[in-house]
Amino acid sequence: MPINENKTRRAVLQGVTALGATALWPRFAYGQDRLRTGTQLRPFPIGRNGESVDQIRRIRTNDRVVALTFDDGPHAVLTPQVLDILAGRGIRASFFVIGNRVVRAPGLVARIAREGHEIGNHTWSHPHMSQLSDHAILDEIDTTARAVEMATGFSPVIMRPPYGEFDRRQSRMLRLARNLPTVLWSVDPQDWRRPGGWAISDYILTNTNPGAVILSHDIVDDTVRNLPRVLDGLSAQGYRFVTISELLGWPAWNQRRHLTAVPIG
Ligand SMILES: [Zn+2]
């Protein structure tokens, strides 16, 4: 980066900080600069109870907390229904979005963020990443991160590989290259098989433990139909719903970047 531009950027950052406009800070301090400088970031802190962050499936806790996650959206019809159901109960969840769907519905992605949910990176085209080169993987991740940032002003701080296909070496590669931990799941109702009836909610209500990460899809109508029963059933069991970042004891995803960004200058 040319020195003049660097100085200007620093001045802008100081001005922004002086104003206390933290919401603007990440826009300037993060993103391409970090990639361009190649500066090594500190690795993420490990999870609350010592779990490796290379591949997160759940946390160990006695607290009745649970993270509900929705993959493969946004879906023009079903995602708004999910958001309405969550909003009606004051519940926050995490959405792992597909980049090529984000660019088709940026307003919907902005709504997800605005309503307090976390947005995670679920790649651009939902490939089988075990068959991709590291370069191709980073391209899938970066294009999606940019799409989410265009829609919301913020980049995801977590990634979920399609089909869960990602080995530990790939997870470490992604964490070191982009500071993105891999988030898998511990409860899988296999809703994409469209089991019908109450099968999805029955499975979740029976198999959820404290610290669980529940996988579901906001592109499956059975999931949306079962969602009120899942939420009310887990609430009745004493569960509190948190985002993935909250589950891990991290700051909210859209408040993160000023903590991890490279110092300017
Ligand atoms: Zn998926």
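The values are calculated or read from the model by the stated rules, or taken from the named source; none is laboratory data. Model, not experiment: these values are computed from the prediction. Every residue, glycine among them, receives a Cβ derived from its backbone with ideal geometry; neighbour counts consider all protein chains shown. In case anyone asks, the SASA skips ligands and DNA or RNA and just uses the protein heavy atoms, side chains included. Shrake-Rupley method; radii C 1.70, N 1.55, O 1.52, S 1.80 Å.
See the values below:
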{"read-out": "Count of the stretch 168-200 residues which are crowded, with 18+ Cβ neighbours inside 10 Å, part of a helix (DSSP H, G or I) and small (Gly, Ala, Ser)", "value": "1"}
{"read-out": "Condition met for Glu140 (among the charged types (D, E, K, R), within 17 Å of the chain's Cα centre (by Cα), part of a helix (DSSP H, G or I) and within 14 Å of the ligand (Cβ to nearest atom))", "value": "yes"}
{"read-out": "Test for Ala145: is it part of a helix (DSSP H, G or I), surrounded by 18 or more Cβ atoms within 10 Å (Cβ to Cβ) and away from the ligand (no atom under 16 Å from the Cβ)", "value": "yes"}
{"read-out": "From the options Leu132, Leu174, residue that is at pLDDT 95 or above and either more than 12 Å from the ligand (Cβ to nearest atom) or in contact with an Asp or Glu (Cβ under 7 Å, 6 or more places away or on another chain) (or both)", "value": "Leu132"}
{"read-out": "Only one of Gly120, Gly73 that is within 25 Å of Leu248 (Cα to Cα), within 14 Å of the ligand (Cβ to nearest atom) and outside any strand (DSSP E or B)", "value": "Gly73"}
{"read-out": "Looking only at the stretch 83-107, and only at residues there that are within 15 Å of the ligand (Cβ to nearest atom) and assigned to a helix (DSSP H, G or I), the one that is most open to solvent (accessible area, probe 1.4 Å)", "value": "Arg101"}
{"read-out": "Options Ile112, Ile158: the member that is in contact with a helix residue (DSSP H, G or I) (Cβ under 7 Å, 6 or more places away or on another chain) and under 20 Å from Val220 (Cβ atoms)", "value": "Ile112"}
{"read-out": "For Arg57: the one exception among (1) under 22 Å from Ser186 (Cα atoms); (2) open to solvent by less than 30 Å² (accessible area, probe 1.4 Å)", "value": "(2)"}
{"read-out": "Single match in Pro80, Pro127 (criterion: within 16 Å of the ligand (Cβ to nearest atom) and either within 23 Å of Ile56 (Cα to Cα) or surrounded by fewer than 20 Cβ atoms within 10 Å (Cβ to Cβ) (or both))", "value": "Pro127"}
{"read-out": "Unmet requirement for Thr152, which otherwise passes all of (1) open to solvent by 30 Å² or more (accessible area, probe 1.4 Å); (2) among the polar types (S, T, N, Q); (3) more than 16 Å from the ligand (Cβ to nearest atom)", "value": "(1)"}
{"read-out": "Answer from Glu140, Glu165, Glu118 - the residue that is among the acidic types (Asp, Glu) and open to solvent by less than 20 Å² (accessible area, probe 1.4 Å)", "value": "Glu118"}
{"read-out": "Of residues in the stretch 201-213 being assigned to a helix (DSSP H, G or I) and not charged (D, E, K, R), the one nearest to the chain's Cα centre (by Cα)", "value": "Ile204"}
